[in-house]
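Have a look at the structure below before the remarks.
The values are calculated or read from the model by the stated rules, or taken from the named source; none is laboratory data. Just so you know, these numbers come straight off a predicted model, no measurement behind them. Quick reminder, even Gly has a Cβ in these numbers, built from the backbone with ideal geometry, and neighbours come from all protein chains shown. Ligands, DNA and RNA are excluded from the accessible area calculation, which covers all protein heavy atoms including side chains. Shrake-Rupley method; radii C 1.70, N 1.55, O 1.52, S 1.80 Å.
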Amino acid sequence: MLLRREFLLLIDIQQRGTYMIFELNQKEPEMFSGDLLVYFIRETEGKTVPCLSKVVRRELKQAWKSGDFTGKKGQSFLFYPSATAKHSAAYRVLAVGLGKAADESDKNALREQIRLAAGTAVQQAAGLKVTSLMAVLPEKTGLEDSEVAECLTEGLILGSYRFDKYKSKKEDQEEQPTIEAFSLQVGTLNPKAAQEGMSLGKKAATAACRARDMANEPGNGWPPAKFAEFGQRLAQKHKLSCEIIEKDAMKKLGMGGILGVNQGSALPPKLVILKYEGGKKTDPTLMLVGKGLTFDSGGISLKPGLGMEDMKYDMCGGAAVICAMQAIAQEQPKGINVVALVPSTENLPASTALKPGDIITHYNGKTSEIINTDAEGRLILADALAYGIEKYTPDAVIDLATLTGAVIVGLGHHRTGLMATDDSLADQLLAAGDRAGEPLWRLPLGPEYSEQIKSQVADVKNIGGRGAGSITAAAYLQEFVGDTPWAHLDIAGTAWNFTEKTYIPKGPSGIAVRTLVDLVRHWQGKKKEV
Ligand code: BES
Ligand code: MN
Ligand code: ZN
């Protein structure tokens, strides 16, 4: 029987219909009677298998001697000890390679090793119909005990993600079970630290999986109203407030960017605002803005048909922001206020749609000549940025968007593009991304780029010509942030079809959720002067 509190927690964790248990265990690992017991083994030159378990050392002896299993990254070795070992209740045991001990000073590489190994473990488990898994926390990793538990938890949760909501169950096919119960066995680590790390990892990874769920939803399954619904449900459940700015209110406020992009869509736009107050009014406020474009056809400047279905992912920035708010609401950090804005609409062609040559007026009064209706992300973000900054006077602003194809040309699918007006904010984001295993790369801003988006007939135009497409897109946004320290993350290359990692399956990656959560945990915002 689950306690009520546990049960509620589980609902947060699981979005796939079943409920997942995640707990810390101090019992003897070999007495584990579930489906799969996992040990992590470091790659070493030594003669004996570096593992505390006698059973593992004995069973792996031959494989180790022959060099078949050496603890290399990506390696795993499965055995069934109960038949031969008296002192093992475990039915299946999986040894997973951690790889060579990285340079101890490179904590982020060590963290990533653990996530990757945990991802390998759950990938193997997926082929074995495992529903309960225990992972023994590795020792001597060079990391704090809490970090080991944090990263292992992240790898297990992120790696076992599946989205099969829309697949009908076939009677003649056996169903692939999901892992319902995970436990971490503390091994030689400090239980309190492990518990803390596990709890951090669980909140961040669960939020990233939730963002993947949103992104996996097709355009007709996740219209703008769903962002509003999700925001309101979050606010009911947690200490958060939610406000939805509807189309009529947008008209009154003069949000010509969101309204312009929405002109071709039959569905009303939404601007979802979530507010977390973890501090006094004088404590610093961080503002997050995410592009929630639920489908981007390009509008009148229609995109080519090939691969257009992927443009259902154009809401990944919005998903990252709103799901980071879920984790923040669960975590309740003190001394910080966070406000999140998600402007959301579709971008479709229609006789009512925005046309090239049209001029719109943004919330802050700036006029913009539309050269290409496919450069729509900046139009909806501009209103949200200007409005949010005026209303909430944040100390720093971060926006996230699948903004430009150009960022994929520049950085491929391996790094998120970062552009910022504030070095401290940029550095903090770079560090958070490295800790989370979601690296960023900073690109410049500057007056020469802003020059590229000057219009003959309006204050700005919405595209900047041939070169530096990602930077001119950022330069457009820069027009709407004033002097507030601001950073822009272009996640067009990393939001889906990311570099395949064991803990990032095909499809949407949930990118930037964990980076944002980590940033909030470490953020050095300035206190406001009273
Ligand atoms: N959502 C797209 C950017 C995008 C493209 C994301 C490919 C992921 C993969 C954005 O709205 C867009 O269409 N940008 C245009 C801008 C151009 C018209 C200046 C682009 O990048 O082609
Ligand atoms: Mn577009
Ligand atoms: Zn777009």
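I need the full set of residues from the stretch 181-238 which are hydroxyl-bearing (Ser, Thr, Tyr) and within 19 Å of the chain's Cα centre (by Cα), in order please. Spell out how you get there, then give the answer.
So in the stretch 181-238, the residues hydroxyl-bearing (Ser, Thr, Tyr) come out as 183, 188, 199, 206.
Selection gives Ser199, Thr206.
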How many residues are open to solvent by 20 Å² or more (accessible area, probe 1.4 Å) and outside any loop (DSSP other than H, G, I, E, B) if we restrict to the stretch 221-248? 14
May I ask you to verify whether Ala109 is under 26 Å from Cys209 (Cα atoms) and without any contact (Cβ under 8 Å) to a residue 40 or more places away in the chain? yes
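Could you run through the stretch 415-424 and say how many residues are in contact with a Phe, Trp or Tyr (Cβ under 8 Å, 6 or more places away or on another chain), outside any loop (DSSP other than H, G, I, E, B) and polar (S, T, N, Q)?
1
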Any residue in the stretch 370-384 that is open to solvent by 10 Å² or more (accessible area, probe 1.4 Å) sitting within a Cβ distance under 6 Å of a residue that is near ligand 3 (Cβ under 9 Å from one of its atoms)? List the pairs, counting only those 6 or more apart or interchain. Asp374/Gly298
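Scan the stretch 391-408 for residues that are within 16 Å of ligand 3 (Cβ to nearest atom) and either aliphatic (A, V, I, L, M) or closer than 29 Å to Lys281 by Cα (or both) and jot them down.
Once the filter is applied, which keeps residues that are within 16 Å of ligand 3 (Cβ to nearest atom) and either aliphatic (A, V, I, L, M) or closer than 29 Å to Lys281 by Cα (or both), the stretch 391-408 yields Asp399, Leu400, Ala401, Leu403, Ala406, Val407, Ile408.
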Go through the stretch 287-310 and give me each residue that's without any contact (Cβ under 8 Å) to a residue 40 or more places away in the chain and within 9 Å of ligand 1 (Cβ to nearest atom). Gly307
What is the one condition in (1) at negative phi; (2) more than 16 Å from ligand 2 (Cβ to nearest atom); (3) in contact (Cβ under 8 Å) with a residue 12 or more places away in the chain that Ala406 does not satisfy? (2)
Residue satisfying condition, being among the aliphatic types (A, V, I, L, M) and part of a loop (DSSP other than H, G, I, E, B), within set Leu267, Leu288, Leu259, Leu293: Leu267
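Condition check ((1) away from ligand 1 (no atom under 16 Å from the Cβ); (2) hydroxyl-bearing (Ser, Thr, Tyr); (3) touching a strand residue (DSSP E or B) at 6+ places or on another chain (Cβ under 8 Å); (4) part of a helix (DSSP H, G or I)) across all residues:
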site	(1), (2), (3), (4)
Gly365	yes, no, no, no
Ile371	no, no, yes, no
Tyr387	yes, yes, yes, yes
Lys391	yes, no, no, yes
Ile398	yes, no, yes, no
Leu403	no, no, yes, no
His413	no, no, no, no
Gly433	yes, no, yes, yes
Residue satisfying all of: in the stretch 445-473; basic (Lys, Arg) and either open to solvent by less than 40 Å² (accessible area, probe 1.4 Å) or outside any loop (DSSP other than H, G, I, E, B) (or both); farthest from ligand 3 (Cβ to nearest atom) among these: Lys454
Could you look through the stretch 273-295, keep only residues that are within 13 Å of ligand 3 (Cβ to nearest atom) and buried (at least 24 other Cβ atoms within 10 Å of the Cβ), and pick out the one that is nearest to the chain's Cα centre (by Cα)? Gly290
From Glu23, Glu45, Glu59, which residue is open to solvent by 20 Å² or more (accessible area, probe 1.4 Å), in a helix (DSSP H, G or I), on the phi < 0 side of the Ramachandran plot and not hydroxyl-bearing (Ser, Thr, Tyr)? Glu59
Residue satisfying all of: in the stretch 296-345; closer than 18 Å to Ile491 by Cα and in a strand (DSSP E or B); nearest to ligand 3 (Cβ to nearest atom) among these: Asp296
Which one of these is in contact with a Phe, Trp or Tyr (Cβ under 7 Å, 6 or more places away or on another chain) and of a type in the set (Gly, Ala, Ser): Ala125, Ala118, Ala109? Ala118
Within the stretch 135-149, is even one residue within 24 Å of the chain's Cα centre (by Cα), more than 20 Å from Gln26 (Cβ to Cβ), assigned to a helix (DSSP H, G or I) and among the aliphatic types (A, V, I, L, M)? no
Restricting the stretch 381-403 to residues that are β-branched (Val, Ile, Thr) and over 21 Å from the mean Cα position of the chain (by Cα), which is farthest from ligand 2 (Cβ to nearest atom)? Thr393
Among residues of the stretch 270-311, those that are touching a strand residue (DSSP E or B) at 6+ places or on another chain (Cβ under 8 Å), under 26 Å from Gly357 (Cα atoms) and not small (Gly, Ala, Ser), counted: 9
Of (1) open to solvent by 40 Å² or more (accessible area, probe 1.4 Å); (2) under 19 Å from the mean Cα position of the chain (by Cα); (3) not aliphatic (A, V, I, L, M), Phe498 fails just (1)
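Looking at Lys251, Lys334, Lys270, Lys312 in this structure, which one is open to solvent by 40 Å² or more (accessible area, probe 1.4 Å), more than 13 Å from ligand 2 (Cβ to nearest atom) and either closer than 30 Å to Ala205 by Cα or not assigned by TED's automatic domain parsing to the domain that holds Ala495 (or both)?
Details: Lys251 fails: either closer than 30 Å to Ala205 by Cα or not assigned by TED's automatic domain parsing to the domain that holds Ala495 (or both); Lys270 fails: open to solvent by 40 Å² or more (accessible area, probe 1.4 Å); Lys312 fails: more than 13 Å from ligand 2 (Cβ to nearest atom).
Checking each option against the conditions leaves just Lys334.
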Would the stretch 73-81 turn up any residue that is closer than 20 Å to Ser132 by Cβ, surrounded by fewer than 15 Cβ atoms within 10 Å (Cβ to Cβ), modelled with pLDDT under 95 and in the same structural domain as Leu133 (by TED's automatic domain parsing)? yes
Inside the stretch 355-365, can you point out the residues that are closer than 15 Å to Ile463 by Cα and either touching a residue at least 60 places away in the same chain (Cβ under 8 Å) or open to solvent by 50 Å² or more (accessible area, probe 1.4 Å) (or both)? Lys355, Pro356, Asp358, Ile359, Ile360
